[in-house]
1. From the residues in region 65-89 that are under 17 Å from the mean Cα position of the chain (by Cα) and open to solvent by 40 Å² or more (accessible area, probe 1.4 Å), which one is nearest to residue 198 (Cα to Cα)?
2. Only one of these conditions is not met by residue 58: (1) surrounded by 15 or more Cβ atoms within 10 Å (Cβ to Cβ); (2) not in a helix (DSSP H, G or I). Which number is it?
3. Among the residues of region 164-173 satisfying the criterion of being part of a loop (DSSP other than H, G, I, E, B) and touching a helix residue (DSSP H, G or I) at 6+ places or on another chain (Cβ under 8 Å), which is least open to solvent (accessible area, probe 1.4 Å)?
4. Mind listing whichever residues of region 149-163 are outside any helix (DSSP H, G or I) and among the hydroxyl-bearing types (Ser, Thr, Tyr)?
5. Among what's in region 43-55 and is under 27 Å from residue 74 (Cα atoms) and not small (Gly, Ala, Ser), pick the residue that is surrounded by the fewest Cβ atoms within 10 Å (Cβ to Cβ).
6. Only residues that are surrounded by fewer than 21 Cβ atoms within 10 Å (Cβ to Cβ) and closer than 11 Å to residue 126 by Cα: list them for region 16-32, please.
7. For residue 134, only one of the following conditions fails: (1) surrounded by 23 or more Cβ atoms within 10 Å (Cβ to Cβ); (2) under 16 Å from the mean Cα position of the chain (by Cα); (3) under 19 Å from residue 38 (Cβ atoms). What is its number?
8. Quick one: how many residues across region 90-141 are of a type in the set (Phe, Trp, Tyr), under 23 Å from residue 193 (Cα atoms) and assigned to a loop (DSSP other than H, G, I, E, B)?
Amino acid sequence: MLYDCRSLADRDRGIAAAIEAVKNGELVVLPTDTVYGIGADAFTPFAVKALADAKGQGRQAPPVLIGSRHTLDGLVFTLPRAARDLVEAFWPGALTIIVEHSPSLQWDLGDAGGVVAVRMPLHPVALEVLRETGPMAVSSANKVGQPAAVTAEEARDQLGYAVRAYLEAGPCPDPVPSTIVDLTGETPRLLREGAIGLAALREVAPDIESRVG
């Protein structure tokens, strides 16, 4: 079912349907500030597997989206100072951080090696869903090898009935991928320069190393 969240009534129905679907272990497609994402409850292993199957990918662990900065504290054992500074500066927004997750978490995201990629997106529809569902495993809403969807309609063309609810919010205004920073070592490392550039990152974390290019 596709809900046009540009209509107030359809937005309310769509968000409610998406929240219910996620809590039932089903898949949803939702807008973010980069591209559309396909998401599942991060703590429901069969839902995370269904996400991978829908995309046609293996056990590569998907990123996790959260609806609040405070949620991050519940996912990690310790958070480096640089991580806190970067989150304070760029969340919500197009920054994905890789951190060591708490070993006590009851989830199975795939072959993650004890780390998780986390982001808080800057999109009101996504945040409204995430604040009710809690952390969601979210990957770009497309089949492997196909272009990332910039509308829910495009996502539905690729993913079809594998997804319970599609939330349409119009074309992504700036479909540039998020910047990825690895914070699991002694020094922050830039793994992918996306919407946030290295110069902006170094204003907050001056010692960040670039492994890009």
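1. 69
2. Of (1) surrounded by 15 or more Cβ atoms within 10 Å (Cβ to Cβ); (2) not in a helix (DSSP H, G or I), only one is false for residue 58: (1).
3. Here is the first cut: in region 164-173, the ones part of a loop (DSSP other than H, G, I, E, B) are 164, 169-173.
Next, from what is left, pick out any that are touching a helix residue (DSSP H, G or I) at 6+ places or on another chain (Cβ under 8 Å): 164, 169.
Values: 164: 133, 169: 32 Å².
Among those residues, the one meeting the criterion is 169.
4. 151
5. 46
6. Our first condition is that a residue be surrounded by fewer than 21 Cβ atoms within 10 Å (Cβ to Cβ); within region 16-32, this holds for 16-17, 19-20, 23-26.
If the condition is that a residue be surrounded by fewer than 21 Cβ atoms within 10 Å (Cβ to Cβ) and closer than 11 Å to residue 126 by Cα, then 19 is the only one that fits.
7. Tallying (1) surrounded by 23 or more Cβ atoms within 10 Å (Cβ to Cβ); (2) under 16 Å from the mean Cα position of the chain (by Cα); (3) under 19 Å from residue 38 (Cβ atoms), residue 134 fails exactly one: (1).
8. Adding up the residues that qualify gives 1.
The values are calculated or read from the model by the stated rules, or taken from the named source; none is laboratory data. Model, not experiment: these values are computed from the prediction. Virtual Cβ from ideal backbone geometry, glycine too; neighbours counted across all protein chains shown. Note: areas computed on protein heavy atoms with side chains; ligands, DNA, RNA excluded. Shrake-Rupley method; radii C 1.70, N 1.55, O 1.52, S 1.80 Å.
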